[in-house]
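See below for the structure under consideration.
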Amino acid sequence: MIRITTPKFRDRDVTDEAVYLNRRQLMGGAMAGLGLGLAGPAMAAPSGLKPNSFEEVTNYNNYYEFGTSKTDPAKYAHTLTTSPWTVKIDGMVNKPGDYALDDILSKVSVEERIYRLRCVEAWSMVIPWNGFTLSSLLNRAGVQSGAKYVAFETVARREEMPGLRYPVLDWPYVEGLRLDEAMHPLTILATGVYGKSMPEQNGAPLRLVVPWKYGFKGIKSIVRISLTDRQPPTAWNKANAREYGFYSNVNPQVDHPRWSQATERVIGAGLFGSRRETDMFNGYGDEVASLYAGMDLKKNY
Ligand code: MTE
């Protein structure tokens with residue numbers, strides 16, 4: 001089990017809210033320093049976010065390789081071997097190769113990002129991730145000028161992942177981003193939650209987090225990252241193109257064909273969860289709306 005997280009956050013079940021607020025302010029400052037011009041606390045997450053408990057984050061999951069119920073991943077994902085771990089980076093890069101996770105982590109800085117996760121199924125949570133920018137890894141691999149998209153692939157091991165016996169999706173799970181989305185400073189590869197190593201059910205040891213998109217874009221347990229000039233296939237789009245598009249930006253105005261996306265059930269808020277209005281781009285519009293200027297977001301759903 002790889003245990004690399006920012007040392008000061010290590011071995012802690014819960015961090016009290018005051019510490020979070022403090023850290024959020026620190027991070028806002030850091031991002032402003034990068035010239036992003038983002039307001040302090042609003043940068044880490046839309047203001048007023050209270051993280052869900054570690055219990056909630058690790059016991060209500062989608063990871064179909066381990067079963068389709070929300071509690072299956074917590075029950076079965078511990079069988080996944082996450083060390084050693086290698087990520088193949090290939091396609092249109094200057095330095096293709098098999099990158100050992102330890103080596104990847106030795107050259108990036110892991111920080112905390114508190115983001116809302118909005119699932120396409122219309123529920124949401126707030127998760128304090130630890131991770132590093134995807135751009136830092138892509139820059140290390142050297143993206144070639146013709147590359148336009150990034151494709152991702154989840155590990156597929158039948159002997160460790162009982163869900164692979166069922167053709168729910170065309171395994172392995174694959175996902176993709178446009179290159180500018182991948183390079184955006186909000187896009188991270190997460191290595192942990194709550195300052196602990198990533199639990200298997202959340203996508204250990206390395207998973208994508210793109211906070212303005214529906215949760216299914218956040219592909220888990222990544223073993224391959226490929227740079228390409230063609231829009232890559234994505235697992236849910238292959239399963240049902242009408243219901244799941246390539247972009248999948250959180251958008252309260254574009255309903256799923258079978259349900260409204262205007263509101264979401266907040267996990268953990270009361271016995272049955274409370275509802276809140278869904279924010280355009282999940283609340284990250286100030287940072288990302290410009291990526292889609294001039295695009296018809298109803299067509300490019
Ligand atoms: N990645 C893989 N490989 N398999 C999956 O089934 N589910 C997705 C995404 N990544 C999934 C996946 C969906 S639908 C969501 S909402 C998020 O993971 C859930 O992440 P969490 O369980 O860490 O909250």
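The values are calculated or read from the model by the stated rules, or taken from the named source; none is laboratory data. Nothing here was measured: the structure is a model prediction, and the numbers come from that model. We place every Cβ from the backbone using ideal geometry, glycine too, and count neighbours over all the protein chains shown. The protein model used for the area step is the full one, side chains on, heavy atoms only, and it has no ligands, DNA or RNA in it. Shrake-Rupley method; radii C 1.70, N 1.55, O 1.52, S 1.80 Å.
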Inter-site label distance for R230 and S274 at 7 Å from Cα along Cβ, in nm: 4.9 nm
Qualifying aspartates and glutamates (Cα of each under 12 Å from Cα of K238; at least 8 residues distant if same chain): D170, E175
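Which value, in debye to the nearest 20, gives the size of the charge dipole of the range 173-301 about its Cα centre, when Lys and Arg are +1 and Asp and Glu are -1 at the Cβ?
Details: 16 positive and 13 negative charges, 89 e Å.
Charge dipole, the range 173-301, about its Cα centre: 420 debye, nearest 20.
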Packing rank of 291-301, 137-147, where each peptide gets the mean count of other beta carbons within 10 Å, highest leading: 137-147, 291-301
Neighbourhood charge, 10 Å Cβ-Cβ cut-off, centred on V288 and excluding it, Lys, Arg +1 and Asp, Glu -1: -3
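Which loop GluC sites (Glu not before Pro) in the range 230-285, with loop taken from DSSP, have no more than 14 other Cβ atoms within 10 angstrom of their Cβ?
Numbers: sites: E243, E264, E277; in loops: E243.
The qualifying sites are E243.
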Amide H partners (placed H, <5 Å) of T191, local residues excluded: N130, G131, F132
Heavy atoms of M92: accessible area, 1.4 Å probe, square angstrom to 10: 50 Å²
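Given a cut-off of under 8 Å on Cα pairs at least six residues apart, what relative contact order in percent is computed for the range 142-207? Mind dumping the intermediate values first?
Working: 58 pairs, mean separation 17.2, N = 66.
Here the relative contact order equals 26 percent.
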Backbone N under 14 Å from the A156 label point (7 Å along Cα→Cβ), restricted to the range 165-201: 165-175
Under Karplus coefficients 6.51, -1.76 and 1.60, residue-wise ³J(HN,Hα) of the range 133-149 in Hz, glycine/proline x: 5, 4, 4, 5, 6, 5, 5, 5, 6, x, 6, 7, 5, x, 5, 10, 9
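Please go through the range 94-202 and write out the GluC sites (Glu not before Pro) that DSSP classes as loop and that have at most 12 other C-beta atoms within 10 Å. Kindly include the intermediate steps, with their values, before the conclusion.
Values: sites: E111, E112, E121, E153, E159, E160, E175, E181, E200; in loops: E121, E159, E160.
Answer in residue order: E159.
With every protein chain left in place, what is the accessible area per residue of the range 50-292 in square angstrom, probe 1.4 Å? Could the numbers behind the result be given before it?
On the way: 9340 Å² over 243 residues.
With the other protein chains kept in place, the range 50-292 gives 38 Å² per residue.
Tell me the relative contact order for the range 50-292 as a rounded percent, counting alpha carbon contacts under 8 Å between residues six or more apart. Walk me through the numbers before you get to the answer.
Numbers: 517 pairs, mean separation 53.6, N = 243.
Normalised by residue count, the contact order of the range 50-292 is 22 percent.
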Gain on full stretching of the segment that runs from Q253 to A293 - 0.36 nm per residue minus C-alpha separation: 12.7 nm
Solvent accessible area, Å² - T81, 1.4 Å probe, full protein context: 60 Å²
Estimated inter-spin distance, A100 and T81, nm [label 7 Å along Cα→Cβ]: 1.6 nm
Heavy-atom accessible surface of the range 50-292: percent carbon and sulfur, 1.4 Å: 50 percent
Largest to smallest accessible area among D255, D90 [probe 1.4 Å]: D255, D90
Solvent accessible area, Å² - D229, 1.4 Å probe, full protein context: 80 Å²
